[in-house]
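The values are calculated or read from the model by the stated rules, or taken from the named source; none is laboratory data. None of the values given here were measured: they were computed from a predicted structure. Backbone-built Cβ (ideal geometry, glycine too); neighbour counts: all protein chains shown.
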């Protein structure tokens, strides 16, 4: 069975990297030059599950969900909403989702329609792609994502994380002139169907089966490294990173 790397566990193996100063901790910096890029990276990791959550859990129309996602992150930066995070009480994604729920509830109680743009900083994100994913999954016709909103939000977050990691792997291969490595990984791990063997894939690509093995091993190691590096940036503590890595990569991580 071939892994769906955009939504499931990444291959295991390799070393567990030390966590540098995460973007979560950098949010508390008084230096604007530190806070702003940290917040941009946090937005990159969390805007997609946040938008989907507002569409499905809160049943907001697409335009309202876009506006609320934009305003939530803009206000979170301006008002320093996320500095109250305590890594000893919850994972950061849980804290952020709770803040998002509170923000959405306050907006609903105010019964005030958001004006597009509204003077808030506009996020450089692709809402259309997130909307297309919701439609393909049939999430907009379901009664609710599921009984546990945290589990649903986490699933969407991990899909986004792996999607970004796969994109980074593709760009890495392209920049290094090693497109064949990504092609092997994509064909076998992302799109390979039952019956696809190393020998058959090698025949398709005009390379020996041993090279298919080597390319896959390299790509899986690199994907794992990229996923862990992204986790290191968006987790609030070493303990949280280790727990998230175990959830995403399996019991062998770290």
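Testing residue 196 on (1) at pLDDT below 95; (2) buried (at least 20 other Cβ atoms within 10 Å of the Cβ); (3) over 24 Å from the mean Cα position of the chain (by Cα), one condition comes back false. Which one is that?
It is condition (2) that residue 196 fails.
Taking the conditions exactly as written (closer than 17 Å to residue 27 by Cβ, modelled with pLDDT under 85, in contact with a helix residue (DSSP H, G or I) (Cβ under 9 Å, 6 or more places away or on another chain) and surrounded by fewer than 18 Cβ atoms within 10 Å (Cβ to Cβ)), does residue 90 satisfy them or not?
Working: closer than 17 Å to residue 27 by Cβ: yes; modelled with pLDDT under 85: no; in contact with a helix residue (DSSP H, G or I) (Cβ under 9 Å, 6 or more places away or on another chain): yes; surrounded by fewer than 18 Cβ atoms within 10 Å (Cβ to Cβ): yes.
In short, no.
Examine the range 213-234 for a residue that is at pLDDT 95 or above, under 20 Å from residue 46 (Cβ atoms) and surrounded by fewer than 21 Cβ atoms within 10 Å (Cβ to Cβ), and state whether such a residue exists.
Yes, because at least one residue in the range 213-234 is at pLDDT 95 or above, under 20 Å from residue 46 (Cβ atoms) and surrounded by fewer than 21 Cβ atoms within 10 Å (Cβ to Cβ).
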